[in-house]
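Taking it in order: structure first as structure tokens, then the write-up.
Just so you know, all these numbers are worked out from the coordinates, no wet-lab data involved. Predicted model only: the values in this text are computed from it and were never measured. We place every Cβ from the backbone using ideal geometry, glycine too, and count neighbours over all the protein chains shown.
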Amino acid sequence: MNIVINGYGRMGKLIRQTALSRGHRITAIIDPFEMLPEVTGKELTAASIKDSDVVVDFTVPQTAVKNISIIAEAGVSAVIGTTGWYNQEEEVRTLVERAGIGLIWSGNFSLGVNLLLQIIRNTGQVMNNFPEYDVMIHEFHHAGKADSPSGTAEMLSSVLIDTIDRKNRKVTESLQRRIEPDELHVSSTRGGSIPGTHTIIFDSGEDTIEITHRARNRMGFALGAVKAAEWIAGKTGYFSIDDMMHSILKQN
């Protein structure tokens with residue numbers, strides 16, 4: 001498969017490494033700032049990607065929709081790992097449908113995290129029947145992470161609120177009061193070099209059940225993005241990574 005990488009930061013470099021190791025060809029690497037010899041251009045254009053099968057985009061929110069419109073113009077499939085454009089989702093969906101391309105997006109392409117989301121959805125449906133157990137989320141990230149809670153913790157909290165009737169809203173700040181029964185507390189710790197750890201805790205008076213995902217490095221994110229490129233190639237339509245996960249699980 002011929003892959004274009006748009007955005008050659010840490011993720012772009014790992015995606016190149018992962019794609020090459022899986023037998024794919026990198027036909028272009030686009031980045032306005034990188035001076036490395038493998039970078040083929042500074043600006044994404046329809047002409048620069050027309051001979052590719054898939055464009056993998058990890059850039060910035062300000063250019064995401066513009067990039068998608070260029071990819072659609074070229075008639076190429078897309079993997080969008082850039083976040084922060086979701087308030088324009090209907091515009092993007094229309095671009096994809098009019099162009100007849102395939103697009104898959106996610107705020108987190110880690111296979112492990114997406115498996116965790118599936119596990120927590122199933123677990124939430126089970127624990128909905130056991131009000132003896134309260135539920136909470138705690139996540140750890142490195143000292144350089146600029147936001148909290150993490151996007152993954154936000155996704156986990158949405159799954160739990162969707163599946164557990166007694167939880168209606170999340171609380172992410174430090175509590176200086178007693179938590180309400182319908183609140184889901186999502187707490188965060190920042191420090192060190194931790195790539196990302198998320199723990200979902202179900203606690204009763206008698207015991208505690210914990211489900212934890214620990215990222216060792218960013219390679220899991222890169223592998224997920226490349227697998228998404230393999231999955232979207234040849235498809236048409238607007239998809240999230242949930243669609244890919246459901247497709248894989250249905251096959252098995």
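Data for the structure
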item	result
Cα centroid of region 95-159 to Cα centroid of region 1-75, whole Å	26
Degrees separating the helix 219-232 axis from the principal Cα axis of the chain, which is the longest one	60
Tilt relative to the chain, helix 151-163 - C-alpha long axis, 0 to 90 degrees, to 10	60
Asn168 paired with Glu97, simple spin-label distance in nm, labels 7 Å along Cα-to-beta-carbon	3.4
Share of Cα-Cα pairs in region 111-214 lying beyond 21 Å, as whole percent	31
Volume per residue of the C-alpha convex hull in region 9-128, rounded to whole Å³	133
Whole-number percent relative contact order across the chain, with pairs defined as alpha carbons under 8 Å at least 6 apart	21
Beta bridges by DSSP in the chain, antiparallel share as percent, to the nearest 5	30
Long-range amide H partners of Lys170 with built H, under 5 Å	Leu184
R0 of 30 Å, Cβ-Cβ distance Asp243-His142: FRET efficiency to nearest 0.05	0.50
Computed lengthening from Ser69 to Thr212, 0.36 nm per intervening residue step minus Cα-Cα distance	47.7 nm
Estimated [θ] at 222 nm from DSSP helical runs (n ≥ 4, -39500 (n - 2.57)) normalised by residues in the chain, nearest 500	-12000 deg cm²/dmol
Loop-located trypsin sites (Lys or Arg not before Pro) in region 1-108 whose Cβ has at most 15 other Cβ within 10 Å (DSSP)	Arg22, Lys42, Lys50
Within region 111-214, percent of DSSP bridges classed antiparallel, to nearest 5	60
Answer label, with Rg and Dmax of the Cα atoms in Å calculated from the coordinates and candidates (i) 18.9, 62; (ii) 17.7, 51; (iii) 19.7, 63	(iii)
DSSP-loop chymotrypsin sites (Phe, Trp or Tyr not before Pro) across region 1-106, with at most 11 other Cβ within 10 angstrom	Phe33
Cross-link pairs Lys66/Lys250; Lys145/Lys167; Lys13/Lys235; Lys145/Lys170 - those with Cα-Cα distance over 32 Å	Lys66/Lys250
Surrounding net charge for Arg25, when Lys and Arg each add one and Asp and Glu each subtract one, Cβ distance under 14 Å	-2
Candidates per GluC sites (Glu not before Pro) in region 204-249, loop by DSSP, up to 12 other Cβ within 10 Å	Glu206
Rounded to 10°, Cα long-axis angle of helix 61-74 versus longest principal axis of the chain	50
